[in-house]
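A short write-up of the structure that comes next.
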Amino acid sequence: MTLRRFVFKSQFDGLPKHSDFELVEEPIREPAPNEVVLEALYLSVDPYMRVFARNVPTGGTMFGTQVAKVTKSKHPGYKEGDLVVGHLGWASHSVVNPDQVKSFGGEVAKPYILPDLGGVSPSTGLGVLGMPGNTAWFGLTKLCQPKPGETLVVTGAAGAVGSLVGQIGKILGLKVIGFAGTDEKVQWLEDDLKFDRAFNYKTVSVTEALKEAAPEGVDCYFDNVGGEMSSDVMNQMNTYGRVAVCGSISAYNATTPVLAPIVQPTIITKQLTLTGFVSSRWKDCWFEGIQQMLHFIQEDKLVVRESIVEGFEKMPDAFISLFTGDNTGKVVVKA
Ligand SMILES: NC(=O)C1=CN([C@@H]2O[C@H](COP(=O)(O)OP(=O)(O)OC[C@H]3O[C@@H](n4cnc5c(N)ncnc54)[C@H](OP(=O)(O)O)[C@@H]3O)[C@@H](O)[C@H]2O)C=CC1
Ligand SMILES: CCCCCC(=O)/C=C/[C@H]1[C@H](O)CC(=O)[C@@H]1CCCCCCC(=O)O
């Protein structure tokens, strides 16, 4: 039996390329005491990989999370057939001691057994019932602290996190306005996800769109893209508005510093609160977040969309699609 893994061949320069990765194949060794053999079922590609790949040495396995099946176990906490979510990288199989698995940042991150998802696909353990879902749920509720009747803007609105943020906003009684990069995504947001309004940021002025769609002003902003769009949104915010600074994908592939209109005068005069965060901030209530999102699904309150890419060898294609906007919802590779 062999495993395949993608190694990082060269540092990214601009948009990631296929030639930045190399697919290598090697035998799968037998597990030692306290080790398990894991077979990847679904693998996640996420925008943060573009940013933090700079921590990976050339020749190192590309990092990331996956849903994997335990195929052999010599560890008392795992049995054959268990499904786990873990930082196992871009690898088709892994032989690891779960107690020693580390995230790309170097902290020990023991793979967790996927909770009972009541028949929902295990792939969602990488999306709505995993990191992106918790990013949306906790980021919106804890940091934007929305009140019914308020107006929420979300950018990257048709993506893994953004599509959930907007829907949670509707569940919480907010007026929701989304920005995404194609007319099809805009239509999906309005027709299927019931956003109050959505706009294609590539063809409209964000400022004019908000003046028209939110004349009352914006109270909450869930920022997935950063840059000029975010300056424009903040300029339309109300006094004491709250911004959850989640990501800045508009600049991840930039080769020179990205400039945007300064926002300090707006932050000061409107007395805005901007909070940057990473989802692990809520690691102590991680499974509560998953249960909350699962309840929303079971109550038919959430439309969950995945862009499933078939075949482990397509990992680079799936990853690149995040930056070309080819995905809608959560991108997952089915091994
Ligand atoms: N802080 C945290 O803990 C977390 C932060 N994030 C961040 O949230 C954001 C969304 O992540 P996620 O939902 O997983 O990814 P998505 O599923 O949203 O995929 C990325 C999307 O970003 C959009 N995009 C790409 N390039 C640009 C650009 N130059 N300007 C504007 N939009 C662009 C594309 O959609 P379109 O067609 O609309 O352009 C694309 O589909 C990212 O910034 C990510 O880094 C994600 C998870 C956790
Ligand atoms: C400018 C970079 C913005 C990246 C935003 C983003 O997508 C964050 C995603 C985090 C997600 O919650 C799960 C993670 O592991 C992602 C990265 C967390 C980075 C922490 C910093 C760790 C380090 O530098 O060692």
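In the range 241-259, the residues that are in contact (Cβ under 8 Å) with a residue 60 or more places away in the chain form Cβ pairs under 8 Å with partners that are within 9 Å of ligand 2 (Cβ to nearest atom) and of a type in the set (S, T, Y), at six or more places apart or across chains, as follows: C246/T135; G247/Y48.
Can you tell me which residues in the range 234-249 are in a loop (DSSP other than H, G, I, E, B) and more than 16 Å from ligand 2 (Cβ to nearest atom)?
Across the range 234-249, the qualifying residues are N235, Q236.
Of all residues in the range 70-105, which are more than 16 Å from F21 (Cβ to Cβ) and touching a helix residue (DSSP H, G or I) at 6+ places or on another chain (Cβ under 9 Å)? Passing the criteria: H75, G77, Y78, L83, V84, V85, G86, S103, G105.
For the range 269-283, residues that are assigned to a helix (DSSP H, G or I) and near ligand 2 (Cβ under 9 Å from one of its atoms) total 3. Residue-level check: of (1) assigned to a helix (DSSP H, G or I); (2) of a type in the set (A, V, I, L, M, F, W, C); (3) buried (at least 17 other Cβ atoms within 10 Å of the Cβ), V225 misses just (1). Among the residues here, K147 does not qualify as more than 23 Å from M234 (Cβ to Cβ), away from ligand 1 (no atom under 13 Å from the Cβ) and of a type outside the set (S, T, N, Q).
For the range 188-199, does any single residue satisfy the condition of being within 16 Å of ligand 2 (Cβ to nearest atom) and in a helix (DSSP H, G or I)? Checking the range 188-199: not a single residue is within 16 Å of ligand 2 (Cβ to nearest atom) and in a helix (DSSP H, G or I).
A residue that is buried (at least 16 other Cβ atoms within 10 Å of the Cβ), near ligand 1 (Cβ under 10 Å from one of its atoms), more than 24 Å from D192 (Cβ to Cβ) and touching a residue at least 24 places away in the same chain (Cβ under 8 Å) can be found somewhere in the range 282-289. For the range 205-217, the count of residues that are over 21 Å from the mean Cα position of the chain (by Cα), assigned to a helix (DSSP H, G or I) and buried (at least 24 other Cβ atoms within 10 Å of the Cβ) is at least one. Scanning the range 306-319 for residues that are surrounded by fewer than 19 Cβ atoms within 10 Å (Cβ to Cβ) and either of a type in the set (D, E) or over 29 Å from L3 (Cα atoms) (or both) gives E310, E313, D317.
Of all residues in the range 93-125, those that are in contact with a Gly (Cβ under 9 Å, 6 or more places away or on another chain), of a type outside the set (S, T, Y) and within 15 Å of ligand 1 (Cβ to nearest atom) total 2. Taking strands (runs of 3 or more DSSP E) as the structural unit, those lying wholly within the range 81-186 and holding at least 3 residues that are at pLDDT 95 or above, buried (at least 17 other Cβ atoms within 10 Å of the Cβ) and assigned by TED's automatic domain parsing to the domain that holds Y42 correspond to 83-86, 93-96.
The values are calculated or read from the model by the stated rules, or taken from the named source; none is laboratory data. Keep in mind that what you see is a predicted model, and the values were worked out from it rather than measured. With ideal geometry, Cβ positions are generated from the backbone for all residues, glycine too; neighbour counts draw on all protein chains shown.
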